[in-house]
1. Would you mind listing the helices (runs of 4 or more DSSP H) fully within the range 196-310 where at least 2 residues are crowded, with 19+ Cβ neighbours inside 10 Å?
2. Given the residues L304, L286, L274, which is the only one that is more than 30 Å from R154 (Cβ to Cβ), under 26 Å from the mean Cα position of the chain (by Cα) and not assigned by the TED database to the domain that holds Q171?
3. Scan the range 131-144 and give yes if some residue there is open to solvent by 50 Å² or more (accessible area, probe 1.4 Å), touching a residue at least 40 places away in the same chain (Cβ under 8 Å) and more than 19 Å from the chain's Cα centre (by Cα), otherwise no.
4. Pick from the range 133-185 the residues that are assigned to a strand (DSSP E or B) and in contact with a helix residue (DSSP H, G or I) (Cβ under 6 Å, 6 or more places away or on another chain): which of them is nearest to L266 (Cα to Cα)?
5. Within the range 165-188, which residues are in contact with a Leu (Cβ under 8 Å, 6 or more places away or on another chain) and either of a type outside the set (F, W, Y) or open to solvent by 50 Å² or more (accessible area, probe 1.4 Å) (or both)?
6. Considering only the range 18-132, give the strands (runs of 3 or more DSSP E) lying wholly within it that have at least 2 residues that are touching a helix residue (DSSP H, G or I) at 6+ places or on another chain (Cβ under 8 Å).
7. Considering only residues that are within 17 Å of M1 (Cα to Cα) and of a type outside the set (A, V, I, L, M, F, W, C), which ones fall in the range 242-288?
8. Is it fair to say E93 is out of contact with any strand residue (DSSP E or B) (no Cβ under 7 Å at 6 or more places or on another chain) and either open to solvent by 40 Å² or more (accessible area, probe 1.4 Å) or in the same structural domain as A285 (by the TED database) (or both)?
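The values are calculated or read from the model by the stated rules, or taken from the named source; none is laboratory data. These figures come from a predicted structure and were not determined experimentally. With ideal geometry, Cβ positions are generated from the backbone for all residues, glycine too; neighbour counts draw on all protein chains shown. Side chains included, ligands, DNA and RNA excluded: accessible areas come from the protein's heavy atoms. Shrake-Rupley method; radii C 1.70, N 1.55, O 1.52, S 1.80 Å.
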Amino acid sequence: MKAAFGKVWKLEQTGGSIIGGTFKAIKERSSNPKPPRDPRLPTPKGQTVGSFRKGLRMLPDAICERLGSKVKLSWKLSSITKSEKGGYLLTYETPEGVVSLRSRSIVMTVPSYVASNILRPHSVAAADALSSFYYPPVAAVTISYPQEAIRDERLVDGELKGFGQLHPRSQGVETLGTIYSSSLFPNRAPNGRVLLLNYIGGATNTEIVSKTESQLVEAVDRDLRKMLIKPKAQDPFVTGVRVWPQAIPQFLVGHLDTLGTAKTALSDNGLDGLFLGGNYVSGVALGRCVEGAYEIASEVTGFLSQYAYK
């Protein structure tokens, strides 16, 4: 609970219950108001979700543009070696050949199973802990239907409205959930059409990795016709299918203990200045990944400050 829903867990710890914690948090916010909001940011209408005009890739693209040549693409880290003079020697396989760099600190935001392979020569205990996190497969299937394909009883004022839908296994469908992309964000689909992002797979349906793209589309389409799309509607227009063999890390019981074991093992083996990050550390939501990045940046700053000139 603490790992997967940290904010809810904190409410219970500070207020004795979720409701008590909520009232206490509201009281604290009223006495300690947030700093003024950046006027350049849009003002949301209540609780809502956000994205970017051309999709989420705009965020990393903007960061890359700001950093310029400091960002290296197609560089694969093959090994980390502790330097006798302190710090680390990192060896990369690059399009230009093997390149080695020296650094006082390292932040590893790769999936835990990738970090496990790289760190095994330094700590078997840390590698074993990192390799134990489970990443089940998930496929993202994005398809479009004409507006008239939506069942009449699912429309509000003649439109498909809302965030989307989640499907419990008891409903007898394969699709995990559907996001109404064109209802949430503007310019996601032409007039008269709806765009639906569907997720299929997960821990209870690992067989998706052996299915073709057409089979995944067929499965999603079949499920949607049971609840959202008219049974006799025309076939959907497929805009994209992406299968992630190891998708989202599962925050199972003991997650933070396992993560703590990995961090302790790294420290015990003298790997100071090496920090673990990514969604298995901070949480899988985009917001938590951003917050976690700032938290790790603060840790790195604190570590490097010991080398600063006094």
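1. Values: elements: 213-224, 255-268, 279-282, 286-304.
Ranges flagged: 213-224, 255-268, 279-282.
2. On the way: L304 fails: under 26 Å from the mean Cα position of the chain (by Cα); L286 fails: more than 30 Å from R154 (Cβ to Cβ).
Answer to the check: L274.
3. no
4. Keep residues of the range 133-185 that are assigned to a strand (DSSP E or B), which gives 138-146, 150, 156, 159, 164-166, 175-180.
Of the ones still in play, those that are also in contact with a helix residue (DSSP H, G or I) (Cβ under 6 Å, 6 or more places away or on another chain) are 139, 141, 175.
Working: A139: 34, V141: 39, T175: 39 Å.
Among residues in the range 133-185 that are assigned to a strand (DSSP E or B) and in contact with a helix residue (DSSP H, G or I) (Cβ under 6 Å, 6 or more places away or on another chain), the one nearest to L266 (Cα to Cα) is A139.
5. Going residue by residue through the range 165-188, those that are in contact with a Leu (Cβ under 8 Å, 6 or more places away or on another chain) are 165-167, 175-183, 188.
Matches in the range 165-188: Q165, L166, H167, T175, L176, G177, T178, I179, S181, S182, S183, R188.
6. Working: elements: 76-82, 88-94, 97-103, 106-108.
Result: 76-82, 106-108.
7. P249, Q250, G254, H255, D257, T258, G260, N279, Y280, S282, G283, R288
8. On the way: out of contact with any strand residue (DSSP E or B) (no Cβ under 7 Å at 6 or more places or on another chain): no; either open to solvent by 40 Å² or more (accessible area, probe 1.4 Å) or in the same structural domain as A285 (by the TED database) (or both): yes.
No.
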